Amino acid sequence: MDLQAVEALNEDLTEFTRDIFKYLGYQGQRRYGQQYLRGLMLDGKRKSVEPMAGRLGLPRQNLGHFMAQSTWNYTDVMRRIAARAVAVIDPAAWLIDDHPFVRYGHGTAGAIVQHCGERGQHLCQVAVSIHAVSDLGSTPLHWRLFIPQAWADDPERRTTSGIPPALVHRTKQQIALELVDEAAGWGLRPSLIIADSDYGTNVAFRNGLTQRDIRWLVAVNGDTTVLPATGAPISPWAKRRPAIGVSQLARANQYRARQFVYRRKTTNHPARTGWFVAIPVHIAGIIERGYIANTEHRLLPKHLLLVHWRHQHDTEIFRAWITDLPADTPLSTLVKHATSRWSIETDYREMEQALGLGDYEGRGYAGFHHHVTLVSAAHLFCLEQRLNPKGTHTA
């Protein structure tokens, strides 16, 4: 937005920041928080502290201190953002993913050479995030930086970058479950979790959601082994026909697939259509069976395998998900949930391109979380303006 457009939103922005910064102890923190949001929404090539301070006419040192050294608790702000987001869009599901942040300094908290999206292997930070999604839109609810084992085991680097002493190495799947638990402490609970195959192929993650009584729909790889479900759940170690891969079972059932338009045509994107089929299955991996065998039920539960095919440039694209939603869930509902997963990619792209998600140049743990929290706030504010430009929102 240009300066005039941002100035026109002052009244709404004041109401918004009064809510999300209500737990901040100092008026100066609330004031700089609002100014930082203005800076994120203003047009500009970079949304790091120095150029934003120049555009806002603020002392660079003051804005930098607010982001990097100030003691305000970003989880208190994220709690208000999450509560407000849930009230605004009434989510049908929560999306879980992780996002890379390219870095060029090895002293940046949690930065190591690792998979960094389209860049392949590169020095970057990675943060796990949870987003709410509904027909009205999607927006972040919570974030946490992934701390690699090498950082967790290095006291000097931990101290220099301000990583909390109690924070130990956790896998991304464990972080996701911890974020869900923290949101539960805020009184927020999803009806369904949707995630990609990095999470969906992790047995502990799926079972963690089940233990929390949260339904899930997660992507899996084509080599995930399953058993076609023909009757009641069976014992994990009972003699039975050999398990088969998801891709093999999908090909055998391709004739049953139905065509759906899963993304409508917009000014920026053509309509997307694909063929889908749902197949009752038992997940059959050895690790999965070990988990089930050690529980009270000692049976392999029945799940639904959702398979999607589409053609692009004479190439067939295949995707698959497994869900513990009820067996009578309509195929159209499964398709809608599974394809909503790409909303999180839209959120990341909007925050990168318009709100400076990846532009923060500080190296500390707290500063990183301050930045992604305020970017999330700016994203929610822009979503509210699109939905109800003159309205007010309470949670």
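Before moving on, here are some points about what is shown:
- Sparse-neighbour loop sites [chymotrypsin sites (Phe, Trp or Tyr not before Pro); region 82-112; at most 14 other C-beta within 10 Å; DSSP]: Tyr104
- Placing pseudo-labels 7 Å out from each Cα toward the beta carbon at Lys22 and Ala5 gives an inter-label distance of 3.0 nm.
- ³J(HN,Hα), Karplus 6.51/-1.76/1.60, whole Hz, each residue of region 168-180, x for Gly, Pro: 10, 4, 10, 5, 4, 5, 5, 4, 4, 5, 5, 5, 4
- Cut-off of 10 Å, at most 10 other beta carbons, DSSP loop: longest stretch of the chain lacking such trypsin sites (Lys or Arg not before Pro): 46-238
- Under the simplified labelling scheme, the Gln69-Gln149 pair shows an inter-label distance of 3.7 nm, with each label point 7 Å from Cα along Cα→Cβ.
- Extension gain, Asp223-Arg60: 0.36 nm per intervening residue step, less the Cα-Cα distance, totals 53.4 nm.
- Estimated distance in nm for a label pair at Ala184 and Gln114, the labels positioned 7 Å out from Cα along Cα-to-Cβ: 2.5 nm
- Surface accessible to a 1.4 Å probe, per residue, for the residues of region 51-199, Å²: 41 Å²
- Prolate/oblate/rounded label for the chain (Cα gyration tensor, a/c 1.5): prolate
- Charge context of Arg158, other residues only, Cβ under 15 angstrom, K/R +1, D/E -1: 0
- The Cα atoms of region 19-132 give a gyration tensor whose axes a ≥ b ≥ c have a/c of 1.5 or more with a/b no greater than b/c, which makes the shape oblate.
- Taking 0.36 nm per residue of separation and subtracting the current Cα-Cα distance, fully stretching the chain between Thr346 and Trp275 would add 23.3 nm.
- Gained length - Gln353 relative to Arg386, 0.36 nm times residue gap less alpha-carbon distance: 10.1 nm
The values are calculated or read from the model by the stated rules, or taken from the named source; none is laboratory data. Only a predicted model underlies this, so the values are computations on that prediction, with no experimental measurement involved. Glycine also receives a Cβ, built like all others from the backbone with ideal geometry; neighbour counts cover every protein chain displayed. To get the accessible areas, we keep the full protein, side chains included, count just its heavy atoms, and leave off ligands, DNA and RNA. Shrake-Rupley method; radii C 1.70, N 1.55, O 1.52, S 1.80 Å.
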